[in-house]
Protein chains: 4
Amino acid sequence: MPHSQPGLLSEAVYGLPEINREKIKSAKLVANPGCYPTSVLLAIAPLAKEDWANLDSIIADSKSGVSGAGRKASLGTHFGECNEAVSAYGLGTHRHTPEIEQHFSSLAGREIQVTFSPHLMPMTRGLLSTVYVDLKKSMDADELANHYRDYYRQEPFVRVLKTGTFANTHHVKHSNYCDIGVQVDSRTGRAIITSAIDNLIKGASGQAVQNMNLLRGFDETLGLDAPGLYP
Amino acid sequence: MPHSQPGLLSEAVYGLPEINREKIKSAKLVANPGCYPTSVLLAIAPLAKEDWANLDSIIADSKSGVSGAGRKASLGTHFGECNEAVSAYGLGTHRHTPEIEQHFSSLAGREIQVTFSPHLMPMTRGLLSTVYVDLKKSMDADELANHYRDYYRQEPFVRVLKTGTFANTHHVKHSNYCDIGVQVDSRTGRAIITSAIDNLIKGASGQAVQNMNLLRGFDETLGLDAPGLYP
Amino acid sequence: MPHSQPGLLSEAVYGLPEINREKIKSAKLVANPGCYPTSVLLAIAPLAKEDWANLDSIIADSKSGVSGAGRKASLGTHFGECNEAVSAYGLGTHRHTPEIEQHFSSLAGREIQVTFSPHLMPMTRGLLSTVYVDLKKSMDADELANHYRDYYRQEPFVRVLKTGTFANTHHVKHSNYCDIGVQVDSRTGRAIITSAIDNLIKGASGQAVQNMNLLRGFDETLGLDAPGLYP
Amino acid sequence: MPHSQPGLLSEAVYGLPEINREKIKSAKLVANPGCYPTSVLLAIAPLAKEDWANLDSIIADSKSGVSGAGRKASLGTHFGECNEAVSAYGLGTHRHTPEIEQHFSSLAGREIQVTFSPHLMPMTRGLLSTVYVDLKKSMDADELANHYRDYYRQEPFVRVLKTGTFANTHHVKHSNYCDIGVQVDSRTGRAIITSAIDNLIKGASGQAVQNMNLLRGFDETLGLDAPGLYP
């Protein structure tokens, strides 16, 4: 699909505040991230500069609620099709793969390719990504979790979970939070990072508000301080 | 947990007909497989003897309906907790990992370790596994699919899907089928295999009936020929 | 909407076996009932000849799964609209009201009008009708239940529930059964009858098979003996 | 069940602001209404003083999400039981019937009995009541709707819907609103009133906050101005 305004591409700043906050503040145009890239990039950003993670081994298995497909009527979003059904789609070809790779490569300082697999879940809102990365050195879950906590220490909307706890879309529903849980499978030497967002808030309009707050010099959390609603 | 009848272990045959049919026929005791191992083993069995797949790279990301947790009342299976929620659990520690490894190692002829990640889905029945394996040689999805079709050509309950189509739990619901879809992510050199079963049929009682049919010398599909009910 | 084949109207027999079995057997053309009329008519048929029920007081409050709206993509059947939503529609004007009235009037021997209120439920299959009727004489739930049991004693697909138990769509899912539970609110002098069917089986294709069996002289339950699948 | 503090009963004021606002303001103790009574009483309160409605004919058919049953683990709230299931329970005997009758009788100035039928829906939040009342004089839906609009004109949390539109739990989810839609079935002379609330907000904690605001002299809508979240 050709871009309708290619002249604007060079001006646009990628609006993921956790990796681009300063640029967003002075941007004239902000490109609001997709829901899948938000979820995957927040799960892997803390690994980009570390030489103990094999960045060529990243696999992101993502599970999205149906609202990710928009509100247009189609057979694919018909209640009778989606309800009581879990399915994979777009494996190896999904349009969000380049967005993930472009911005992670930029963080890592070299070109990285990832395997990204989207799945459709029988729920309205929520997006969970489970990301697998080979570790190059031995570490345990606490050590990895501490690294994530350090990385996100200043972030108002990222919560690194207690070790042994994994992300659940229900806990971030209707909020701008991204919950991240980490685990190390020491037998196979892999890190497993789970990240959960509400695809319509942190994955869409909530993040747009966060970006607007940054652009305008407002408090970054303005209008976004709801803790989520449960159940 | 100590086994209550360790003396019977040596007599028991693992009841996954697709890899153990002849032994089941003459068994005195059949161990009916768990739902997760059924789904994962059927996804990877065709790779066990092939030297073009790196068997040490296997990652299985599985998504199960709530009925996999049984009918006992608990907060974890309460409607208000499960509904509209997708979560990971037991990462790196789930009790089904050894069952998967034991039987896949037996097929491969050497000890193999896999990363297995179970997830809970907001639906009653169904189990989808998405399995990632590094390929050691270049191949496309058609080539891989043909290998799977050859491997399962005689199987009454395994359906290898058309290339470009991925497994969907909805299509096997209430049936004893396992649907398998294969893809190759040629950029990263990984195979992505999706397999879907009804966890209560092929993942439990349906497979038990299939085993009984084999044990008793009945037609293997007796009582199991329902095509599934949709929607 | 004008009927496209008005000439056939006089030949068609209404295919609700519980009230029309003999006519169906010799029919040339059978009109398969709608899901709502099946559910409501089975709930009230046993009252049609009784002078202890005020037939002018009938109110049917029906709750249908989304599959009742068909498989056509529309905003109204979009997952994001139907999921986690219960709503009323077509109150006072639904096209199934005349079908209910025509056939109940025929049973009662005089013209009867009913209030019929359809509702949309966040589930795929199933239809529950709760029907209210003023009683003209004092009776308790057991007495009313016994009357229903007598009325349906020969019916292979109607199950009158134990007193104190009410119909649940889950218990008839994927089956051709109609479950009926009765209650008497002795304080207000009203009978409350609940009836549950699978709208796609007894409310559609299952009933069509039952009618074909009758037409062809087959066993009425041929192909329909599945007890339903739970959960 | 005996009341544990009978001495406090005489001091307690029933906390439904739409019918009891002035008493709540000066109360020492407020009894927060149940979710079912809130939904039913708001649907019928405008009829209490009108001699064109037959108050002895009231039937309330209510449909509640599972959260109405609380968070305690039980088979009845197990996902596998509730999901894809619609059922009636407690017909003719539900403990909320006396609460409805007591407060409606108080409005009407004489003892009124109603038939109240609760149902369980496969969703987490939301409560829809469909209420039937015989009219003693001929009126159309617009006339009835105008009466409701007049009655609730000053209410911040009651929205009377456009004629021809009916209440939908999805539209009030996560809000303190009660939506009311009215219809007249002119053929049978009955009014059909639908009312929808979020059972955990207007049906529970939201209403408690509204009462506290009144008690403390705060703006009645303080902390409650969220419009609801959709989808």
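Only the coordinates and a few stated rules stand behind these numbers; no lab work does. Just so it is clear, the model here is predicted, and its values are computed rather than measured. All Cβ positions, even for glycine, are placed from backbone atoms using ideal geometry, and neighbour counts span all protein chains on display.
Across segment B:69-82, the number of residues qualifying as touching a residue at least 24 places away in the same chain (Cβ under 8 Å) and buried (at least 23 other Cβ atoms within 10 Å of the Cβ) comes to 1.
Remark: pairs (first residue in segment C:104-126, on the phi < 0 side of the Ramachandran plot; second residue of a type in the set (Lys, Arg) and assigned to a loop (DSSP other than H, G, I, E, B); Cβ separation under 7 Å; 6+ apart in sequence or on different chains) = C:GLN113/D:ARG187; C:ARG125/C:LYS173.
From the list D:ILE180, D:ILE197, D:ILE201, the one residue that fits, being of a type in the set (Val, Ile, Thr) and closer than 14 Å to D:LYS63 by Cα, is D:ILE197.
D:HIS147: surrounded by fewer than 23 Cβ atoms within 10 Å (Cβ to Cβ), within 11 Å of another protein chain (Cβ to nearest Cβ) and farther than 20 Å from C:ILE59 by Cα, yes or no? The answer is no for D:HIS147.
Quick check: anything in segment B:97-106 under 15 Å from A:TYR132 (Cα atoms) and either at the interface with chain A (Cβ under 8 Å from one of its Cβ atoms) or in contact with a helix residue (DSSP H, G or I) (Cβ under 6 Å, 6 or more places away or on another chain) (or both)? No, there is no match, as no residue in segment B:97-106 is under 15 Å from A:TYR132 (Cα atoms) and either at the interface with chain A (Cβ under 8 Å from one of its Cβ atoms) or in contact with a helix residue (DSSP H, G or I) (Cβ under 6 Å, 6 or more places away or on another chain) (or both). Against the test of being within 21 Å of D:ILE59 (Cβ to Cβ), more than 18 Å from the chain's Cα centre (by Cα) and surrounded by fewer than 20 Cβ atoms within 10 Å (Cβ to Cβ), the options C:ASP219, C:ASP140, C:ASP225, C:ASP185 yield a single qualifying residue, C:ASP140.
Note on segment A:1-45: among residues that are in contact (Cβ under 8 Å) with a residue 60 or more places away in the chain and not in a helix (DSSP H, G or I), the one that is farthest from A:PRO98 (Cα to Cα) is A:ALA27.
Within segment C:55-80, the set of residues being more than 7 Å from every other protein chain (Cβ to nearest Cβ) and farther than 13 Å from C:THR115 by Cα comprises C:SER64, C:GLY65, C:GLY68, C:ALA69, C:GLY70, C:LYS72, C:GLY76. Only residues that are in contact with a Phe, Trp or Tyr (Cβ under 7 Å, 6 or more places away or on another chain), more than 10 Å from chain D (Cβ to nearest Cβ) and assigned to a strand (DSSP E or B): list them for segment C:119-137, please. Selection gives C:LEU135 alone. Screening the candidates A:GLN154, A:GLN207 for the property of being under 30 Å from A:ASP56 (Cβ atoms) and either in contact with a Cys (Cβ under 7 Å, 6 or more places away or on another chain) or free of Cβ contacts under 8 Å to residues at least 40 places away in the same chain (or both) yields one hit, A:GLN154.
Condition check for A:ALA145 on (1) touching a Phe, Trp or Tyr at 6+ places or on another chain (Cβ under 8 Å); (2) closer than 26 Å to A:SER186 by Cβ: one failure, at (1).
The one condition from (1) within 23 Å of C:PRO231 (Cα to Cα); (2) more than 18 Å from the chain's Cα centre (by Cα) that B:PRO118 does not meet is (2).
Against the condition touching a residue at least 60 places away in the same chain (Cβ under 8 Å), within 11 Å of another protein chain (Cβ to nearest Cβ), under 19 Å from the mean Cα position of the chain (by Cα) and farther than 30 Å from B:VAL172 by Cβ, how does C:ALA191 come out, does it pass? In short, yes.
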